[in-house]
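Below: one structure, written as structure tokens.
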Amino acid sequence: MGQVESDKYFEKYLAYDMEINSVRLVYFSPTGTSKRVAEAIAKGIQLSCEHVDLTPPTARTREFERLSDELAVIAAPVYAGRIPSEAVYRLRRISANDTPAVLVAVYGNRLYEDALVELQDLTIELGFRPVAGGAFIGEHSYSTAEVPTAHGRPDADDVEKAMEFGRKVMEKLSGISGPEDIPPLELPGNRPYREGMRDTSELVEPVTREELCVKCGKCAEVCPTSSITVNDLVTTKADTCIWCCACVKNCPSGARVMSPILQKASRWLNTDYSERREPETYL
């Protein structure tokens, strides 16, 4: 073996060293549920962790370092059975070097359909090696106290199951010598993926009850797409709003409310999907 071939062999051997000392949490989480699930999984893994929050508008243009010798926990919400296009756009700013990854889809108690396989395909494209997957339940974006759907989730039971999932991930990794030995991950879902959220010409984005609004600016602060402007009136750009309802859930005066179309969807979810669902994990 010549020197060049020897160097390449040695570099490959080092690249496949599975010694993992830290966790990188990567998430898009407008209402905080995906973040909380990812944190619970990391607590079960019991390694130091760093956060890569893809939620703020600045994440659309931020340069991220390439992930390598660590374990990634990648979490995103489910919108209409898919990973939302805005999350996909921001995840594409992340790259990896055969980094093992735990894939997490957080859905609002309806169905997660093709979200996990979509996340799997995307992360493989970005250089990750999926080692485990999980579908966890978070309070639906359209849930309210009056019309609840998965209200308050992830709850204590969900957190405990997420921690146990993290422990099982580490058990699986302990028996794997390198990324090339990670077996293909079988996840539920279909290819081609189902149709995602549809565009609509009707007024869908949340609206503001100006008589209740105190102009605190919280809605604009939490909006992941900078769609909200607060001046004398509160305005919302319909073409960039992703209907995440972070503004509604964070409004301190109750002035920010769902549009009639979203309220109708909220009632449908409460009627047809009120039965408690439990997390599903794949190792």
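Just a few scattered comments:
- Between amide H atoms placed 1.01 Å from N, distances below 5 Å from R209 occur with R256, V257, all of them 5 or more places distant or on a separate chain.
- Relative contact order of the stretch 92-237, pairs being alpha-carbon contacts under 8 Å that are 6 or more residues apart, as %: 22 percent
- Shape of the stretch 131-207, Cα gyration tensor, a/c cut at 1.5: oblate
- MRE, 222 nm, helices only [DSSP H, n ≥ 4, -39500 (n - 2.57), over the chain, to nearest 500]: -9000 deg cm²/dmol
- For the pair the stretch 211-283 / the stretch 36-64, the C-alpha centres are spaced 22 Å from each other.
- Ignoring lysines fewer than eight residues from K264 along the same chain, the ones with Cα atoms less than 30 angstrom from its Cα are K35, K215, K218, K237, K249.
- Order of D272, D53, D158 under a 10 Å beta carbon neighbour criterion, fewest first: D272, D53, D158
- Degrees between helix 260-272 axis and first principal axis of the chain (Cα, 0 to 90, nearest 10): 60 degrees
- Net charge dipole, the chain: roughly 740 debye, given to the nearest 20, about the Cα centre with Cβ charges of +1 for Lys and Arg and -1 for Asp and Glu.
- Phi to ³J(HN,Hα) by Karplus 6.51 cos²θ - 1.76 cosθ + 1.60 over the stretch 20-27, Hz, x for Gly, Pro: 10, 10, 8, 10, 10, 8, 10, 8
- 10 Å Cβ shell holding at most 16 others, DSSP loop, trypsin sites (Lys or Arg not before Pro): longest site-free stretch of the chain: 94-193
- The ranking of V214, V248, V159, V230 by Cβ neighbour count inside 10 Å, starting from the fewest, reads V214, V230, V159, V248.
- Estimated dipole of the stretch 207-258 in Debye, rounded to 20 [Cβ of Lys and Arg +1, of Asp and Glu -1, Cα centre]: 160 debye
- Normalising the average separation of contacting C-alpha pairs (under 8 angstrom, six or more residues apart) by the number of residues puts the relative contact order of the stretch 207-258 at 48 percent.
- Lone cysteines, the chain (no partner Cβ under 4.7 Å): C49, C213, C216, C223, C241, C244, C245, C251
- Among M258, M170, the ranking by other beta carbons within 10 Å of each residue's beta carbon, starting with the fewest, stands as M170, M258.
- Where GluC sites (Glu not before Pro) in DSSP loops with at most 10 other Cβ within 10 Å are excluded, longest remaining stretch of the chain: 66-145
- Placed amide H near V26: partners under 5 Å, 5+ positions off or other chain: V52, V73, I74, A75
- Here each label is just a point 7 Å from Cα along the line to Cβ, and for S22 and L111 those points are 4.1 nm apart.
- For the chain, share of DSSP beta bridges that run antiparallel, in % to the nearest 5: 25 percent
- Considering only L262, L116, L212, the Gaussian network model of the chain with Cα springs below 10 Å gives its largest mean-square fluctuation to L212.
- Taking a sphere under 12 Å around the Cβ of R24 and counting the other residues whose Cβ falls inside, with K and R at +1 and D and E at -1, yields a net charge of -4.
- Anisotropy class assigned to the stretch 79-162 is prolate, per the alpha carbon gyration tensor with a/c at or over the 1.5 cut-off and a/b larger than b/c.
- J(HN,Hα) series, the stretch 119-133, from Karplus relation 6.51 cos²θ - 1.76 cosθ + 1.60, nearest Hz, glycine and proline x: 5, 4, 4, 5, 5, 4, 4, 7, x, 8, 10, x, 10, 7, x
- Pairwise FRET efficiency - S174 versus T271, Cβ, R0 = 51 Å, nearest 0.05: 0.65
- Close amide H contacts of L67 (hydrogens built in the peptide plane, cut-off under 5 Å, sequence separation of 5 or more or a different chain): S95, A96, N97.
- Cα-based helix-to-principal-axis angle, 33-45 vs the chain, degrees rounded to 10: 30 degrees
- The label point for E278 and the one for F64, both projected 7 Å from the Cα toward the Cβ, are 3.2 nm apart.
- In sequence order, calculated HN-Hα J values of the stretch 235-249 (Karplus, 6.51, -1.76, 1.60; Hz; x Gly/Pro): 10, 10, 7, 5, 6, 10, 5, 9, 6, 6, 6, 4, 5, 5, 6
- The chain: angle of helix 156-174 to the longest principal axis, Cα-based, in degrees nearest 10: 20 degrees
- The gain in end-to-end length when the I261 to E125 segment is fully stretched comes to 45.4 nm, 0.36 nm per residue minus the alpha carbon separation.
Values in this text are rule-based calculations from the coordinates and carry no lab data. This is a predicted model, so every value here is computed, not measured. A quick note on method: Cβ atoms are made from the backbone with ideal geometry, for glycine too, and the neighbour counts reach across all protein chains shown.
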